[in-house]
Amino acid sequence: MAKPKYYLTTPIYYPSDNLHIGHTYTTVAADTIKKFKTLQGYDVFFTTGSDEHGQKIQEKAAENGLGPIEYVDTIVASIKKLWEMLEIDYDSFIRTTDKKHEKAVQEIFTKLYEKGEIYKSVYKGYYCTPCESFWTEAQLVDGDKCPDCNRPTQITEEESYFFRLSNYKDKLLKLYQDNPDFIQPESRKNEMINFIKEGLDDLSVSRTSFDWGIKVPFDEKHVIYVWVDALSCYLTALGYGTENQENFKDYWPANVHLVGKEIMRFHSIIWPSLLMALDIPLPKQIFGHGWILFDDDKMSKSKGNVIYPEPIIDLYGIDAFRYFLLREFTFGQDGSFTREKFLHRLNSDLANDLGNLLSRTVSMVEKYNEGIIPSPKSQEEVDASLRELAVSTADKVEEEMDKFNFSAALEEIWKLIRRTNKYVDETMPWILAKDENKDRLDTVLYNLSESLRIISVLLKPFMGKTSIEIRQQLGIKAQANWEDTKIWNSEEDSIAGNRVEKGNIIFPRLEIEKELDILEKANQALIDRRTKKKEVGKVEEKKEVEETPEVTIDDFAKIELKVAKVVNCENHPKADKLLVLTLEIGDETRTVVSGIKDFYSPEDLIGKKVVAITNLKPVKLRGIESRGMILAAEDDQGKLSLLTTLEEVKDGAVIS
Ligand code: MSP
């Protein structure tokens with residue numbers, strides 16, 4: 001039977017800077033859903049990507065002395081590296097600069113125009129460049145500030161194309177009413193309804209004030225509004241608008257678009273309206289999660305409170321990081337990150353509860369049964385209570401995961417972990433080991449291992465490496481299978497008889513004070529490295545500008561350039577990169593040392609005519625005096641070519 005399809009997306013990220021832990025939240029959540037649904041037997045397609053156009057990126061690139069594409073290429077590479085580090089299992093990474101995306105967006109725009117959904121007019125309003133959003137005067141805060149980011153807006157008046165968003169007010173309200181799950185969580189739905197009830201203006205969907213974007217195909221001085229460009233990626237990632245639409249046919253409409261709360265308006269108002277205008281079926285759900293704050297404040301580079309994921313992952317591993325993000329915060333709400341909370345979770349949930357359960361179980365199987373998991377014998381009341389909880393946990397996890405309650409789902413798993421630890425204390429295997437009859441001990445050791453087997457499957461979508469580690473230590477070779485969590489002591493898949501393999505402690509206990517310091521320093525060191533790299537880039541750029549000042553013709557006349565003939569050429573005896581050339585320049589012969597050995601060998605040059613500066617002050621280069629310099633051209637790929645004249649001229653000829 002064909003697997004049911006499931007399409008899931010994260011927003012596509014602005015490649016304007018390095019991503020912080022807040023950014024990783026949406027993607028880690030989406031990846032967990034993908035892994036969870038896959039384990040349940042769905043065929044999942046997961047899209048993420050980068051949102052590369054717009055004035056903000058164009059300005060950022062210019063600030064860094066780069067063209068927009070050069071600038072975004074580097075950051076997109078760093079985003080992909082981060083996803084790789086976090087083992088994010090996406091199926092499509094769509095870049096809005098991908099040619100196939102650009103072409104499809106142009107087709108979407110044209111289609112909307114031809115259907116009369118888009119028309120041309122003049123826009124007057126307040127524009128927030130960082131948010132790429134227009135606001136009406138009534139929406140501004142503190143005079144001219146953007147209601148989203150609180151930065152000043154600029155009054156803008158320009159010719160623009162408009163999308164007839166105002167036509168969709170009633171259709172949207174009906175959509176929300178007929179599909180109560182379309183916007184989740186509930187609180188966000190109310191925000192959207194209130195926003196729409198105030199009335200919707202038509203939306204300006206093109207710009208002429210900058211050009212870093214997809215051109216309106218029938219009016220090339222306009223670029224398409226970045227949000228129309230970006231939202232369309234959910235379709236183009238599936239091949240919509242290209243020759244290969246298979247994925248679009250298979251996976252659209254999306255089951256869920258996961259987004260941060262500040263971009264709900266774009267996803268639950270503009271996006272469904274655009275889709276309705278295009279006669280494309282609507283996604284089933286938009287889920288707006290909360291923000292991760294730092295000390296109750298928004299993370300930002302200018303406030304100096306950015307927490308980067310890399311040092312945390314380097315120090316404590318991906319699973320600790322993923323666990324913390326998903327467990328500590330309630331997905332729909334804001335939450336505050338602190339290093340203390342992170343380290344306490346590591347110690348209490350991962351080291352004490354989970355790590356300890358695994359290590360004591362494996363140690364007891366080694367110590368009391370020569371490393372072999374025994375078969376269970378007679379069952380008692382206490383065993384039944386553990387067993388019942390173990391086989392019923394998957395259903396509770398499913399129920400929570402259906403609502404994207406990651407934290408509650410993990411709490412269900414931890415109830416089982418804590419219950420299993422309590423079972424050790426209740427049954428006291430070390431006392432049972434003193435009995436002559438080993439039946440009870442066998443049952444207890446089996447039950448502990450079986451509970452851990454179930455835990456290993458339950459954890460798989462959240463903490464892949466840990467799941468594998470637990471299975472390895474229990475000697476389980478088979479793939480984790482979700483339905484196996486609902487059966488205790490399955491006959492086909494019994495772990496009785498497995499040889500356990502004690503491994504490393506999966507989560508060692510940490511000394512909080514010491515780790516706080518390490519963690520803070522590691523984050524700061526990364527911030528310093530990243531800032532320094534940017535400053536070095538800027539200094540170099542400045543230097544370049546300073547090194548090429550304008551010169552007058554008089555300045556130029558001070559330089560004496562002549563045609564010279566290479567009569568001899570040898571490798572410099574003391575330097576790898578230098579050649580020593582003997583030049584004939586009219587009546588005179590002189591020696592010039594030149595750093596071109598990587599490009600020419602002496603025999604390439606003997607007999608050739610070159611261009612030399614002849615009135616340069618002599619310098620000694622590794623012991624040999626060089627009187628002058630020969631000229632060469634170098635391109636941006638590092639290819640070098642010596643200059644010469646088009647026609648044959650006598651050496652000593654003056655160049656002016
Ligand atoms: N490019 C747009 C999305 C276009 S989707 C068609 C964008 N990009 S973003 O890079 O600014 O944000 C990407 C995601 O990261 C968003 O879901 C955003 O909410 C999320 N987060 C950014 N900072 C965050 C926190 N501090 N906490 C949680 N999520 C945060 O918006």
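Across the stretch 382-491, the relative contact order, built from alpha-carbon pairs under 8 Å that are at least six residues apart, equals 31 percent.
Under the criterion of Cα pairs below 8 Å and six or more residues apart, the relative contact order for the chain equals 11 percent.
Bridgeable lysines around Lys169 (alpha carbons under 29 Å apart, same-chain partners fewer than 8 residues away excluded): Lys111, Lys115, Lys120, Lys124, Lys145, Lys189, Lys197, Lys215, Lys249, Lys261, Lys284, Lys403.
Return the lysines within reach of Lys422: Cα separation strictly under 28 angstrom, same-chain partners fewer than 8 residues apart disregarded; answer none if there are no such residues. Partners within reach: Lys341, Lys367, Lys377, Lys396, Lys434, Lys438, Lys460, Lys465, Lys477, Lys486, Lys502.
The residue among Ala237, Tyr446, Phe294 whose Cα reaches farthest toward the positive pole of the charge dipole of the chain, with charges on the beta-carbon of Lys, Arg, Asp and Glu, is Tyr446. The orientation-averaged shadow of the Cα convex hull for the chain, equal to a quarter of the hull surface, comes to 42.2 nm².
Most simply put, the chain has about 70% antiparallel DSSP beta bridges, counting only bridges with both residues inside it.
With no other cysteine's Cβ closer than 4.7 Å, which Cys residues of the chain count as lacking a disulfide-compatible partner? So far as the 4.7 Å Cβ criterion goes, Cys149, Cys233, Cys569 stand without a partner in the chain. Return P(r) of the stretch 415-536 (all Cα-Cα pairs; 10 Å bins starting at 0; whole %; ordered from short to long distances). Percent of pairs per bin, in order: 11, 30, 27, 15, 11, 5, 2, 0. Geometric descriptor of the stretch 270-323, per residue, is 167 Å³ (volume of the convex hull of the Cα atoms). Nearest 0.05, what FRET efficiency do Lys221 and Asp170 give at R0 = 30 Å with Cβ-Cβ as r? Rounded to the nearest 0.05, the efficiency is 0.30.
Accessible surface for the stretch 402-477, divided over its residues, is 35 Å² per residue with a 1.4 Å probe. In the stretch 150-302, the DSSP beta bridges split such that about 55 percent are antiparallel, to the nearest 5. Dipole size of the stretch 372-469 about its Cα centre, with +1 on Lys/Arg Cβ and -1 on Asp/Glu Cβ: approximately 320 debye, rounded to the nearest 20. With no solvent and one point per C-alpha, what does the Debye sum give as log10 I(q)/I(0) for the stretch 207-314 at q = 0.18 Å⁻¹? Per q value, in the given order, log10 I(q)/I(0) is -1.04.
Considering the stretch 327-422, its Cα convex hull presents a mean projected area of 7.7 nm².
Sorting Arg387, Arg509 by solvent-accessible area of protein heavy atoms yields Arg509, Arg387, largest first, with a 1.4 Å probe.
Order 22-31, 495-504 from most to least packed using the mean count of other Cβ atoms within 10 Å.
22-31, 495-504
Once the chain from Thr582 to Ala522 is taken as fully extended at 0.36 nm per residue, the excess over their C-alpha distance is 16.0 nm. Rolling a 1.4 Å probe over the protein heavy atoms leaves Tyr600 with an accessible area of roughly 50 Å². Note on surface exposure: Arg322, Arg339, Arg360 rank Arg360, Arg339, Arg322 by accessible area, highest first, 1.4 Å probe. Over the Cα atoms of the stretch 160-241, each weighted equally, I'd like the Debye log10 I(q)/I(0) at q = 0.13, 0.16, 0.18, 0.23 Å⁻¹, rounded to two decimals. Debye output, listed in q order: -0.58, -0.81, -0.94, -1.09.
How big is the equivalent ellipsoid of the stretch 375-423 along its three axes, where each semi-axis is √(5λ) from the Cα gyration tensor, reported in whole Å from largest to smallest?
Working from the Cα gyration tensor, I get semi-axes of 25, 11, 7 Å.
One quarter of the surface of the convex hull around the alpha-carbon atoms of the stretch 461-533 equals 8.1 nm², the direction-averaged projected area.
Computed over the Cα atoms, what is the radius of gyration of the stretch 346-495 divided by 2.2 N^0.38 Å, N being its residue count?
Against the empirical 2.2 N^0.38 Å value, I get 1.00 for the stretch 346-495.
Ranking Tyr90, Val105, Ile79 by Cα position along the charge dipole of the stretch 56-121, where only Lys, Arg, Asp and Glu carry charges on their C-beta atoms, puts Val105 farthest toward the positive end. The packing ranking, built from the mean of other Cβ atoms within 10 Å per residue, places the peptides 116-122, 593-599, 458-464 in the order 458-464, 593-599, 116-122, highest first. Ligands, DNA and RNA aside, Arg151 has an accessible area near 120 Å² when probed at 1.4 Å.
Ligands, DNA and RNA left out, the accessible area of the chain computed with a 1.4 Å probe is 49% carbon and sulfur. Each part gets one Cα centre, and for the stretch 33-53 versus the stretch 469-512 those centres are 26 Å apart. Accessible-area rank, largest first, for Ile455, Ile518: Ile518, Ile455, with all protein chains present and a 1.4 angstrom probe. With contacts taken as Cα pairs under 8 Å and at least 6 residues apart, the stretch 122-219 reaches a relative contact order of 27 percent. Straight-line cross-link reach from Lys303 at under 16 Å between alpha-carbon atoms covers these aspartates and glutamates, not counting any fewer than eight positions away in the same chain: Asp17, Asp295, Glu520, Asp528. By the Stokes-Einstein formula, at 0.692 mPa s and 37 °C, the stretch 1-153 with its Kirkwood radius over alpha-carbon pairs has D equal to 180 µm²/s.
Across all Cα pairs in the stretch 289-383, the calculated P(r) in 10 Å bins from zero up to the longest distance comes to 13, 32, 24, 16, 11, 4, 0 percent per bin. In terms of overall dimensions, the stretch 101-166 has a Cα radius of gyration and Dmax of 14.4, 41 angstrom.
Suppose every Lys and Arg Cβ carries +1 and every Asp and Glu Cβ carries -1, with no other charges. What dipole size does the chain come out with about its Cα centre, to the nearest 20 debye?
Values: 88 positive and 112 negative charges, 112 e Å.
Approximately 540 debye in magnitude.
The values are calculated or read from the model by the stated rules, or taken from the named source; none is laboratory data. What you see is a predicted model, and the numbers here were worked out from it, not measured in a lab. Methodologically, a virtual Cβ is constructed for each residue, glycine included, from the backbone with ideal geometry; neighbour enumeration extends over all protein chains shown. All accessible areas refer to the heavy atoms of the entire protein, side chains included, with ligands and DNA or RNA removed. Shrake-Rupley method; radii C 1.70, N 1.55, O 1.52, S 1.80 Å.
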